[in-house]
1. Among (1) assigned to a helix (DSSP H, G or I); (2) modelled with pLDDT of 80 or more; (3) more than 17 Å from A:Thr77 (Cα to Cα), which single condition is B:Gln46 missing?
2. Is the stretch B:116-127 home to any residue that is outside any helix (DSSP H, G or I) and either within 12 Å of chain A (Cβ to nearest Cβ) or modelled with pLDDT under 75 (or both)?
3. So how many residues does the stretch B:164-187 have that are without any contact (Cβ under 8 Å) to a residue 40 or more places away in the chain and of a type in the set (Lys, Arg)?
4. Restricting the search to the stretch B:159-182, which residues are aliphatic (A, V, I, L, M) and surrounded by 21 or more Cβ atoms within 10 Å (Cβ to Cβ)?
Amino acid sequence: MSSRRSRSRQSAGVSRTSDEQINDLVSKLQELLPELRRRRSDKVSAGRVLQETCNYIRNLHKEVDDLSERLSELLETTDSAQAAMIRTLLSQ
Amino acid sequence: MASTLVSNPVTNSDRARESSKRRKKKKLLATRDESQNPNAAHGSTQWKSDPQQQVYSSKLLQALRQLRISSSPTAPRRSRAVREVADRVLAVTAKGKTRWSRAILTNRLKLKFMKNKRRSPAASAAGDRLKKPRVSISRLKSKNLPAVQRKARVLGRLVPGCRKEPLPVILEEATDYIAALEMQVRAMSALAELLSGSGPSGSTVTPLGSNRPPPS
């Protein structure tokens with residue numbers, strides 16, 4: 001109980017996992033981001049990586065929203081197109 | 001012959017239970033080892049591979065066809081429904097290995113029983129509880145700065161199911177979630193292209209024959 005309280009007062013369990021592991025995860029995340037892939041990891045701070053990750057995820061969410069809106073319109077109007085779609089998907 | 005048939009099930013079941021236990025232990029150890037290796041194909045989902053995208057596309061197609069029959073006529077509700085279906089299929093394709101996929105799937109169940117107003121006060125209370133202790137940390141390591149913590153919390157809110165998780169968990173979930181989202185975008189745009197491309201072309205098959213110039 002007291003250990004749980006002291007752990008929560010520390011920054012969310014960082015004492016359990018080392019900084020090195022966190023840096024490793026941050027660099028792995030950085031590899032995925034299109035903005036920061038070219039730069040070397042020692043020039044990009046963790047805060048910057050987190051910021052870019054948030055922006056990128058928001059962008060992807062927006063893209064998915066736009067795509068689902070487009071898909072909903074297309075599904076509404078086309079009917080026989082689905083048969084053609086299934087045929088193309090199966091033939092891949 | 002009859003005696004062996006009778007005795008075999010008893011011994012076979014014991015042996016089967018033991019061997020399945022051993023197999024389960026081996027599989028557990030194997031997945032634990034493989035998940036530590038970042039390039040493992042079994043521990044984490046390979047979102048960039050084509051088969052994975054095809055699995056997602058076919059499941060999405062099935063789900064969308066079911067949705068089409070029972071959809072509401074208003075436009076914003078329709079796109080929201082498509083988005084929810086796409087997210088649900090994405091979570092199913094992830095096979096529940098990650099927190100965000102499990103959170104998406106359980107959220108669908110929760111929303112069916114609980115109203116929206118019950119969720120928002122709980123969420124804001126959790127946010128207040130999380131914001132307060134972060135400022136009092138005085139250690140000057142880079143990860144414990146309030147700015148980094150704040151961004152980590154924002155990221156935790158963006159990735160489903162990671163609001164109360166510590167930083168390393170959030171980073172790991174975000175890595176998988178971004179790859180999954182990218183695949184989702186690729187699959188949905190391919191689907192949209194197919195739908196918009198095959199729609200008009202399907203109806204213009206006959207006029208094409210007449211429009212072709214005669215060979216001379």
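The values are calculated or read from the model by the stated rules, or taken from the named source; none is laboratory data. Remember, predicted model here, so these are calculated numbers, not experimental data. For neighbour counting, all protein chains shown are included, and Cβ atoms are generated from backbone atoms with ideal geometry for every residue, glycine included.
1. (1)
2. no
3. 1
4. Keep residues of the stretch B:159-182 that are aliphatic (A, V, I, L, M), which gives B:159, B:167, B:169-171, B:174, B:178-181.
Correct list: B:Val159, B:Leu167, B:Ile170, B:Leu171, B:Ala174, B:Ala180, B:Leu181.
Quick grid of which residues meet (1) modelled with pLDDT under 85; (2) basic (Lys, Arg); (3) surrounded by fewer than 19 Cβ atoms within 10 Å (Cβ to Cβ); (4) assigned to a helix (DSSP H, G or I):
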| residue | (1), (2), (3), (4) |
| --- | --- |
| A:Arg58 | no, yes, yes, yes |
| A:Glu63 | no, no, yes, yes |
| A:Ser72 | yes, no, no, yes |
| A:Ala84 | yes, no, yes, yes |
| A:Leu90 | yes, no, yes, yes |
